[in-house]
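Enquirer: Here it is, the structure in full.
The values are calculated or read from the model by the stated rules, or taken from the named source; none is laboratory data. Owing to the predicted nature of the structure, the values given are computational and were not obtained by experimental measurement. All Cβ positions, glycine included, derive from the backbone under ideal geometry; neighbour counts span all protein chains shown. Side chains included, ligands, DNA and RNA excluded: accessible areas come from the protein's heavy atoms. Shrake-Rupley method; radii C 1.70, N 1.55, O 1.52, S 1.80 Å.
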Amino acid sequence: MQTISEVMTRDVHTISPDETVRRAAQLMDELNVGSIPVCDGPKLVGMITDRDITVRATAAGMGPESTRVGDVMSTDVRTCYSTQNVDEVLSQMGDVQIRRVPVVDQASHSLVGIVSLGDMATKHSAGIDHALEEISSPSEPDRPQAH
């Protein structure tokens, strides 16, 4: 049985909730990623995604220099532990349609890594097809109702 510690990425770039949205976007550009874990010290407090920046900040007219990461980040973050079974986490990722999960220490909730669908595809192949199908299944766009 393969555990998350065997496939996760350990050297994870993070951002503080006090940083600006502009800095988060710059970091995403530099790292070529669409999401960054938000940590207050070592403790994971949220995730900020390119979608959070677009929908919660830009669409709402918030300025990138004056808006803090903590104001627009997602706080309801699915996490896992390094000791968990890869198949279990892969199944959870498929259930909630997410492509990456922060790995936290069970006792302190400190960030110890991140595991992505890509990590699992390259380091663990069993179950990846089903999870990818679940994660990638289309959902209906949120369209305003005509009155």
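Enquirer: Segment 1-62: which trypsin sites (Lys or Arg not before Pro) are DSSP loop and have at most 16 other beta-carbon atoms within 10 angstrom?
Expert: When the trypsin sites (Lys or Arg not before Pro) of segment 1-62 are filtered for loop state and at most 16 Cβ neighbours within 10 Å, 10 remain.
Enquirer: In addition: What nm distance separates the two modelled labels at residue 91 and residue 74, each placed 7 Å from Cα along Cα→Cβ?
Expert: Those two pseudo-labels are separated by 2.2 nm.
Enquirer: Work through the residues other than residue 83 whose Cβ is under 15 Å from its Cβ and net out their charges, Lys, Arg +1 and Asp, Glu -1.
Expert: Within the 15 Å Cβ shell, the charges total -3.
Enquirer: Which value, in Å², gives the accessible area per residue of segment 6-133 when a 1.4 Å probe is used on the protein heavy atoms?
Expert: 54 Å²
Enquirer: For segment 1-87, give the percent of accessible area contributed by carbon and sulfur heavy atoms, probe 1.4 Å, rounded to a whole number.
Expert: 44 percent
Enquirer: Also: Can you give the FRET efficiency to the nearest 0.05 for residue 6 and residue 55, using r as the Cβ-Cβ distance and R₀ = 35 Å?
Expert: 0.50
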